[in-house]
Amino acid sequence: MKVLARIHAHLCGDGNLCYFKTSEKDRINRASISYYNSNVDLINSFRKDMNELFGVKMTYIPRIMRVSVQSLRIANALCKLGKYGTRDWRIPRIIKNSNRCIKLEWIKAFCYDEGYTPKDRPFIRIKSMNVSGLKNIKTILHSIEIDSWITGINCDNSWYLNIRKMREMKNFYKKP
């Protein structure tokens, strides 16, 4: 379940899942699952999680910092958890109702993609165009007794979720 939580969070953050039509004679539809990140450790972690959960080897393209796989089976399984668009993603009920450890895995994975740590403040900040998704995260943080608050709307129509570094998040550090 931890693996699924991390995969879902990474796809909501810096990932992409899309279906497309093909002109191949033996197929009508295809699906692509991709993850983009300049941090090779995160790329390798995502590849390992996908291999562990779905038994696939993802193609890594270093010049565009992307791993991807084409699979309708995997895309259909992941779409059961919800949408992955910038303004559409939400945390699925299976993760919302899980234990503290799994919730933290989701939050940490998402923070590695979308979060940063301001030098002058003791919290993690996530910038997003998806205020409903940020409210989902805030609800989960509240359920595990981690203080957070949302600010915005900003001039670019984005929002910030600020997470106070406490307990398990205390040593969070985002490697460049």
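The values are calculated or read from the model by the stated rules, or taken from the named source; none is laboratory data. Worth saying up front: this structure is predicted, and the values here are computed from it rather than measured. Cβ placement follows ideal geometry from the backbone for every residue including glycine, while neighbour counts extend to all protein chains displayed. Heavy atoms of the whole protein, side chains included, go into the accessibility calculation; ligands, DNA and RNA do not. Shrake-Rupley method; radii C 1.70, N 1.55, O 1.52, S 1.80 Å.
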Checklist entry - Within the bounds of region 53-62, is there any residue that is closer than 21 Å to Tyr116 by Cβ and β-branched (Val, Ile, Thr)? => result no
Checklist entry - Out of region 60-87, which residues are free of Cβ contacts under 8 Å to residues at least 24 places away in the same chain, under 24 Å from Arg27 (Cα atoms) and part of a loop (DSSP other than H, G, I, E, B)? => result Lys80, Lys83
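Quick grid of which residues meet (1) of a type outside the set (Lys, Arg); (2) at pLDDT 90 or above; (3) more than 13 Å from Lys96 (Cα to Cα):
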| residue | (1), (2), (3) |
| --- | --- |
| Phe123 | yes, no, yes |
| Ser128 | yes, yes, yes |
| Val131 | yes, yes, yes |
| Thr139 | yes, yes, no |
| His142 | yes, yes, no |
| Trp149 | yes, yes, yes |
| Asn154 | yes, yes, yes |
| Asn162 | yes, yes, yes |
Checklist entry - Within region 32-59, which residues are touching a strand residue (DSSP E or B) at 6+ places or on another chain (Cβ under 8 Å), part of a helix (DSSP H, G or I) and either β-branched (Val, Ile, Thr) or open to solvent by 80 Å² or more (accessible area, probe 1.4 Å) (or both)? => result Ile43
Checklist entry - When only residues in region 125-135 that are outside any loop (DSSP other than H, G, I, E, B) and over 19 Å from Glu145 (Cα atoms) count, which is most open to solvent (accessible area, probe 1.4 Å)? => result Lys127
Checklist outcome for this item: Considering residues that are within 20 Å of Tyr35 (Cα to Cα) and open to solvent by 10 Å² or more (accessible area, probe 1.4 Å), the number found within region 99-124 is 6
Next on the checklist: List the residue pairs whose Cβ atoms are under 6 Å apart, where the first residue sits in region 1-13 and is closer than 14 Å to Gly133 by Cα and in a helix (DSSP H, G or I), the second is aromatic (Phe, Trp, Tyr) and at pLDDT 95 or above, and the two are 6 or more positions apart or on different chains.
Outcome noted: Ala9/Trp106; Ala9/Phe110; His10/Tyr35; His10/Phe46; Cys12/Trp89; Gly13/Phe110
